[in-house]
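Only one structure is covered here, and it is reproduced in the block below.
FYI, it's all coordinate maths here, none of it is from the lab. Since this is a predicted model, take the numbers as computed values, not measurements. Virtual Cβ from ideal backbone geometry, glycine too; neighbours counted across all protein chains shown.
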Amino acid sequence: MDFPSIGDAPQYLEVATACAHFLLGSDSPGATCYHDYRPIGIVLYYALPLLFTDDPILVSYITLFQNLLFLMLLVYAGLTLLRRFSGVEADTLRSRVQGRPLFGDALLVILITLFSIGYISVRLSDLQSLTLFLLSFCLLSADGLNPSKGKAFLAGILIGASILMKQNFAVSAVLIVPLWLALVGRRDIKSALPPLIFFCCGASLGFVQILWVYLHSGMPWLYDPRAMAVFDSANRQPYVELAVYMEPTPFVYFSKLVTQVPEFQYFATKFWNGLSKFYWAVYAGRPPADALLPIINYTAAEVTGTVVAFLLVALLSFASIASGQPWLALLVITAFCSVSLNMAIAHVENRYFYFLRVVFVIYFIALARLALARWQCRRALAVPASADPK
């Protein structure tokens, strides 16, 4: 057994091996846990099996077990948030669903598994970082609007740990603070501040990555910008989406715009390509027939359509404020804004939308449950009235 190795995946194994050698006391020149742009948390995560064995097959099985464990934690976090946001934990809805199979729960488990299955047998950081992020929201939303200081601090630690797995979540962590004040604490700012402060203290764990990079490169940032500069050209027009296929040989291609478009339309095109497509695997098998002709020749109307689609997704995301669930709104808006910012500065990879897809599934199923519960309540109130002989 071995994991697919192309693109980012073999790099994770390479740096994890070097880290394991360092932790085991090797004094070889390449023994280090530092990488210019791979965060320290995910390096340690993949180095863990190598501390116990150097058998590549056994290392892969241990890594597979680790990834499956995180998948189970992700499903648990998703179910917890779905039940909380849809009111299943509240007395008003519990009596209506208790003892019955919950279609929404089953649908969520199936969709999260389908979205995640491509990450289980690949060395990447998307699954691990998202799991930690959603677990933090399980703690934040556990006690209503204002979590206890202890839970807020632990939630912050989980957010910080997600940053150590994938730096993109630093943006999400920053967004949480103003959204917390605007959505959760707007009615009682004084009560919201103490848990928010404890949350920020816990989330400061993410600064370990900045310190780690600074100590090794002299650059106080989440990664060494000089090392990332090599990818700058791939993040500008005409490049849109990167896809990887493994058969008959490993092959990477970029889809490209045939003509240059205004920057916002370029951004919307990337966003639409990322959200509207779905691949079962991060590294797919044989490419489709059109993969060797990766030219995006949109008409003006089609480009405008991508802008409209982005605006509709933005509207749906901010409409979560009207759900009556502040923590749900905070989660949805954070996911949308984080992914949007990523698309503003980077090319498209389907996995960059993993975060938004999982959050949207929780959001839409929760909305459907809330709507069903309200309809049942109205119906229950209407039945006695219609049966009144007077």
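Placing unit charges on each Cβ (+1 for Lys and Arg, -1 for Asp and Glu) gives region 8-226 a dipole about its Cα centre, and among Ile42, Leu164, Tyr76 the Cα reaching farthest toward its positive end belongs to Tyr76. Amide hydrogen proximity for Ala281: with H placed 1.01 Å from N in the peptide plane, no residue at 5 or more positions away or on another chain lies under 5 Å. For region 112-228, what is the charge dipole size about the Cα centre, in debye to the nearest 20, if Lys and Arg each add +1 at the Cβ and Asp and Glu each add -1 at the Cβ? Here the size comes out at about 160 debye. Ranking of Asp55, Asp126, Asp36 by neighbouring Cβ atoms within 10 Å, starting from the fewest: Asp55, Asp36, Asp126.
Largest GNM mean-square fluctuation across Cys377, Cys337, Cys201, computed for the chain with C-alpha springs under 10 Å, falls on Cys377. Assuming charge only on the beta carbon of Lys and Arg (+1) and of Asp and Glu (-1), the dipole of the chain about its Cα centre is about 1740 debye to the nearest 20. Rounded to whole Å, the principal axis extents of the Cα atoms in region 139-217 read 45, 21, 17, largest first. Rounded to the nearest 20 debye, the dipole size of region 8-226 about its Cα centre is 1000 debye, using +1 on the Cβ of Lys and Arg and -1 on the Cβ of Asp and Glu. The Cα atoms of region 115-183 define a convex hull whose projected area, averaged across directions, is 5.1 nm². With the Kirkwood sum run over all distinct C-alpha pairs, the chain has a hydrodynamic radius of 22.8 Å. For the chain, the residue among Leu23, Leu242, Phe271 whose Cα projects farthest onto the positive side of the dipole built from Cβ charges is Phe271. Modelled spin labels at Tyr61 and Ile117, positioned 7 Å past Cα toward Cβ, are 2.3 nm from each other. Multiplying the residue separation of Ser204 and Gln260 by 0.36 nm and removing their Cα-Cα distance gives an extension gain of 16.1 nm. Once you divide the Cα radius of gyration of region 146-297 by 2.2 N^0.38 Å, the number left is 1.40. Enclosing the Cα atoms of region 8-226 in their convex hull gives a volume equal to 145 cubic angstrom per residue.
Remark on the chain: Cys138, Cys200, Cys201, Cys337, Cys377 stand apart, with no other cysteine beta carbon under 4.7 Å.
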